[in-house]
Amino acid sequence: MNQREAVYTITHSILKEHGVTFEDGDNISSVMTDEYRKQIIEAIVTSFQSGKIDFKDTQANQEKLGDVSKLRSYTSGLVSNWFRKDPRFNGNVKYEAKNPGSRAGQGDAQMKNLRLLKKQYEGTDKVKDIDAAIADRTAELRAAKAKKVEVDYTAIPEELKEALGITE
């Protein structure tokens, strides 16, 4: 079973055990208590350990499976994530990130080291120079990503191509 469906199924099962009525599309926060949440997390942890829930076979995930506290922490985040994002739990609202783009450049070594450097110089006047370098690098990464876009000009209306001065 995938993780999203596991959260959904186990949450409904535990709420039903406690006689709580919850319909898809309601907001889960209206019925969720700390006790229900703990039971949901424990049930999911147990399902991970028994292999009932899909978990990619990576080194990091194997470490989580071997350490119950890490697995509980992961599962708590997983539950929060799906309670926020799944319309069946969030009042049927389309999820929107609070800080879109805040993870930009996360896989880039230069960006990672610029952010570490910023932490090192926190509280000094050098932070503004580092912020400028971070902004420059972010712009470079976005530009590189934008270059990969290929437009099929045959699918663009002729009048728009004329207005933009596009010739094929």
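Along the positive direction of the dipole of the chain (beta-carbon charges: Lys, Arg +1; Asp, Glu -1; about the Cα centre), which of A97, V79, P157 reaches farthest?
V79
Mind listing the long-range amide H neighbours of N27? Cut-off is under 5 Å, sequence gap 5 or more, other chains count too, H placed in the peptide plane at 1.01 Å from N.
G91
Give, in whole angstrom and from largest to smallest, the semi-axes √(5λ) of the equivalent ellipsoid of segment 45-137, with λ running over the eigenvalues of the Cα gyration tensor.
The three semi-axes for segment 45-137 are 34, 20, 12 Å.
Counting every Cα pair in the chain, what percent are over 21 Å apart?
That tail contains 67 percent of the Cα-Cα pairs.
Compute log10 of I(q)/I(0) for segment 103-168 with the Debye formula, placing one identical point scatterer on every Cα and leaving out solvent, at q = 0.15 Å⁻¹, to two decimals.
The calculated log intensity ratios at q = 0.15 Å⁻¹ are -0.61.
Kindly provide the helix-only [θ] at 222 nm of the chain, computed as the sum of -39,500 (n - 2.57) over DSSP H runs of four or more divided by all residues, to the nearest 500 deg cm²/dmol?
-19000 deg cm²/dmol
Based on Cβ point charges of +1 for Lys and Arg and -1 for Asp and Glu, what charge dipole magnitude is obtained for the chain about its Cα centre, in debye rounded to the nearest 20?
My answer is approximately 680 debye.
Rank G123, T167, A144 by how far each Cα sits towards the positive end of the charge dipole of segment 103-168 (+1 on Lys, Arg Cβ; -1 on Asp, Glu Cβ) and give me just the farthest.
Toward the positive end, the furthest listed residue is G123.
Debye sum, Cα scatterers, segment 3-85, no solvent: what log₁₀ I/I(0) at q = 0.16, 0.17, 0.26 1/Å?
Debye intensities relative to I(0), on a log10 scale: -0.59, -0.66, -1.37.
Given a cut-off of under 8 Å on Cα pairs at least six residues apart, what relative contact order in percent is computed for segment 103-168?
26 percent
Can you give me the C-alpha center-to-center distance between segment 36-53 and segment 59-94, rounded to a whole angstrom?
Between the Cα centre of segment 36-53 and that of segment 59-94, the gap is 10 Å.
On a straight-distance basis, which aspartates and glutamates could pair with K112 in a cross-link, Cα separation under 13 angstrom, same-chain partners fewer than 8 positions away excluded?
Reachable aspartates and glutamates: D131.
Evaluate the relative contact order of segment 26-168 (contact order divided by residue number), counting alpha-carbon pairs under 8 angstrom at least 6 apart; express in whole percent.
Relative contact order comes out at 18 percent.
For the pairs K70/K94; K52/K94; K56/K98; K38/K64, note any where the Cα-Cα span goes beyond 25 Å.
Pairs exceeding 25 Å: K70/K94; K52/K94; K56/K98.
Which whole-Hz couplings ³J(HN,Hα) result when phi for each residue of segment 40-52 is put into the Karplus expression 6.51 cos²θ - 1.76 cosθ + 1.60, θ = phi - 60°, listed in order with x for Gly and Pro?
With the stated coefficients, segment 40-52 comes to 4, 4, 4, 5, 5, 4, 4, 5, 4, 5, 8, x, 6 Hz.
Quick note: the coordinates plus some simple rules give every number you see, no bench work behind them. Since the model is a prediction, treat every value here as computed from it, not as a measurement. Neighbour counts run over all protein chains shown; Cβ positions are idealised from the backbone, glycine included.
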